[in-house]
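Take a look at the structure below.
The values are calculated or read from the model by the stated rules, or taken from the named source; none is laboratory data. These numbers come from a predicted model, not from an experiment. Cβ: placed from backbone, ideal geometry, glycine included. Neighbour counts: every protein chain shown.
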Amino acid sequence: MELPISLYREHHKTLQHQLISQIRQLILSKSLAAGKKLPSSRELSKQLNVSRNTVVGAYNKLAESGYLENRTGSGMFVLEDIPDSSISISSSHLSKDLAGTQPVHLISPPESKQSELYNLSDKSVHYDFALEKTDLEAFPTKAWRRIISKKLSSAASNMSRYQYPTGLPDLRNAILEHLAVSRGIVAEPNQVIIVTGIQQALNVVAQLYIREKTKVVIESPGFRGASLLFQNYGAELIPTSVDQQGIVVEELQSVNADLALVTPSRQYPMCGIVPEQRRLSLIDWACQAGSHIIEIDYDSDFMYQGSPSRAIHALDTTDRVIYMSSFSKSLGPGLRLGYMIVPPKIAPHAKSIKTLLDYGLPWLEQAVLAEFIKTGAFENHIKILRNKYKNRCDLLVKTMRENFTNPNIQGLECGTHLVWKLPDKVPAATKFKRILNESYVGIHTLRHYSVSGADRLNDRDRYVLLGFAATEDRKICEGISRIANLIKSL
């Protein structure tokens, strides 16, 4: 270990005095923590190009002063209790211009707390119908381990250099092959940008398009992460209603906006799937308004009824759609891999912005995922997961219908959660959630950290969201049974 110490022979203080002062400063600032072993006198004298006696003398004086102790046969260590541990380090070395200054502009998400921007699990809930989570046992560990072992043979040459800022070419090609069949999307590899997830993709779009007062259409209720992000970039949000078929395009006829963010494959959080004719109407509006469409395709891999619709990107012939998705639902959010497909004209600009954000994502994860897709293992994994989630969805619906009379449920066709409109005799959703928490059951309301714009719904406090992807079969049945028993007791 080398210490950050610099000694100057022309200084008016001796080398030993400088050494004592600097080691003491490292201890007081906790750079050298209590119990930390210091370099041997031989090592430190070699590092500083001074005599060993200079170091030994400094160590001994620091030990006499109560900063160090000499453990026979082991070396010098920082003591737990030091003489002036309560004395703070002087900041006199800072220039007056810098001391006490504040950032020129501190950005903070409006009307939010930091903890609300990500999911904090409630360990007190035993029957949690958690939203936007994956089955922990579903990850394809064996296949993943096998591909990692194969890829490690070329790891040295690939990990020792920077990667492509827009993503590994093999992965971009594999994604396009997958999307051509599953979403009807045809694009060129240079239109694909690999990102850490949808939130980073939205940051790229925001830097491309959003300035102060840029108008952005958002679904209401909708995805809160996008709303907060765009607001921080200075956008003027235009909330637009959703119904059981997604965004209501008719509301946009008199709206001029620069961007429109939609979740057509499964509207979040109300689960509506936008039919093709409405998708075409949205493209027509974008052409007339001179707008671009941000299409977020979150979890349409999990379609349980009918066939998946073609993406808006696949229907667009005007290069107005920016498509984005991630592998957080199909594989897991810990992988931190997603992608966006941008129109050809803006691809160079998007690439430049992505390069400013980072110089490329980890090579190994990208290489493994590319192989996983190309070999057909990803498609097989999706089939297994789709079947598993469908069974859980069916079980949740069946159990609810056994316990409640004609429950009002939305979202049966696709996705990983259902929307349940509460019966009239049940208290408001927020109050009902608190009551159920006392029985160790976790449901989620439209006040959830990931949802924005719920205030536009007159009956917003009559809806609850029930996730099922990460909930065991037994807990689905027991959780619904507990809800039913509690309602009977009201």
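Tell me, please, whether a residue that is in a helix (DSSP H, G or I) and at pLDDT 95 or above can be found in the range 212-219.
Checked against the condition, which is being in a helix (DSSP H, G or I) and at pLDDT 95 or above, the range 212-219 yields no hits at all.
With respect to K390, determine if the residue is under 22 Å from T134 (Cβ atoms), of a type outside the set (A, V, I, L, M) and touching a residue at least 40 places away in the same chain (Cβ under 8 Å).
Here the answer is yes, as K390 does meet what is asked.
State all residues of the range 408-418 that are at negative phi and buried (at least 21 other Cβ atoms within 10 Å of the Cβ); if no residue qualifies, say none.
C414, T416, H417, L418 - these are the residues of the range 408-418 that are at negative phi and buried (at least 21 other Cβ atoms within 10 Å of the Cβ).
Looking only at the range 152-188, how many residues end up being more than 24 Å from the chain's Cα centre (by Cα) and crowded, with 18+ Cβ neighbours inside 10 Å?
Qualifying residue count for the region: 2.
So in the range 199-258, with the set limited to residues that are of a type in the set (A, V, I, L, M) and without any contact (Cβ under 8 Å) to a residue 24 or more places away in the chain, which one is surrounded by the fewest Cβ atoms within 10 Å (Cβ to Cβ)?
V248
Just the residues that are of a type in the set (K, R) and out of contact with any Pro (no Cβ under 9 Å at 6 or more places or on another chain), please, taken from the range 122-165.
Hits for the range 122-165 are K123, K142, R145, R146, K150, K151, R161.
Would you confirm whether any residue within the range 477-484 is free of Cβ contacts under 8 Å to residues at least 12 places away in the same chain and either under 18 Å from F223 (Cβ atoms) or surrounded by fewer than 22 Cβ atoms within 10 Å (Cβ to Cβ) (or both)?
So far as the range 477-484 goes, no, none of its residues is free of Cβ contacts under 8 Å to residues at least 12 places away in the same chain and either under 18 Å from F223 (Cβ atoms) or surrounded by fewer than 22 Cβ atoms within 10 Å (Cβ to Cβ) (or both).
Quick check on the range 32-70: of everything there that is surrounded by fewer than 13 Cβ atoms within 10 Å (Cβ to Cβ) and touching a residue at least 24 places away in the same chain (Cβ under 8 Å), which residue is nearest to the chain's Cα centre (by Cα)?
Per the criteria, the residue is A33.
Yes/no per residue for (1) under 22 Å from the mean Cα position of the chain (by Cα); (2) closer than 23 Å to K329 by Cβ:
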{"site": "Y359", "(1), (2)": "yes, no"}
{"site": "H381", "(1), (2)": "no, yes"}
{"site": "K390", "(1), (2)": "no, yes"}
{"site": "E402", "(1), (2)": "no, no"}
{"site": "K425", "(1), (2)": "no, no"}
{"site": "L436", "(1), (2)": "no, no"}
{"site": "G453", "(1), (2)": "yes, yes"}
{"site": "N458", "(1), (2)": "no, no"}
{"site": "G467", "(1), (2)": "yes, yes"}
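Find the residue count for the range 279-307, including only residues that are over 19 Å from T134 (Cβ atoms), of a type outside the set (A, V, I, L, M) and buried (at least 18 other Cβ atoms within 10 Å of the Cβ).
5
Evaluate the range 272-291: report whether one residue or more is in a loop (DSSP other than H, G, I, E, B), touching a strand residue (DSSP E or B) at 6+ places or on another chain (Cβ under 7 Å), over 24 Å from R183 (Cβ atoms) and in contact (Cβ under 8 Å) with a residue 24 or more places away in the chain.
The answer is no; no qualifying residue exists.
Identify, please: which residue in the range 310-348 is in contact with a Phe, Trp or Tyr (Cβ under 7 Å, 6 or more places away or on another chain), not aliphatic (A, V, I, L, M) and not in a helix (DSSP H, G or I) and is, among those, farthest from H178 (Cα to Cα)?
For the range 310-348, the residue satisfying everything is G332.
Given the structure, is P344 surrounded by fewer than 15 Cβ atoms within 10 Å (Cβ to Cβ) and touching a helix residue (DSSP H, G or I) at 6+ places or on another chain (Cβ under 8 Å)?
yes
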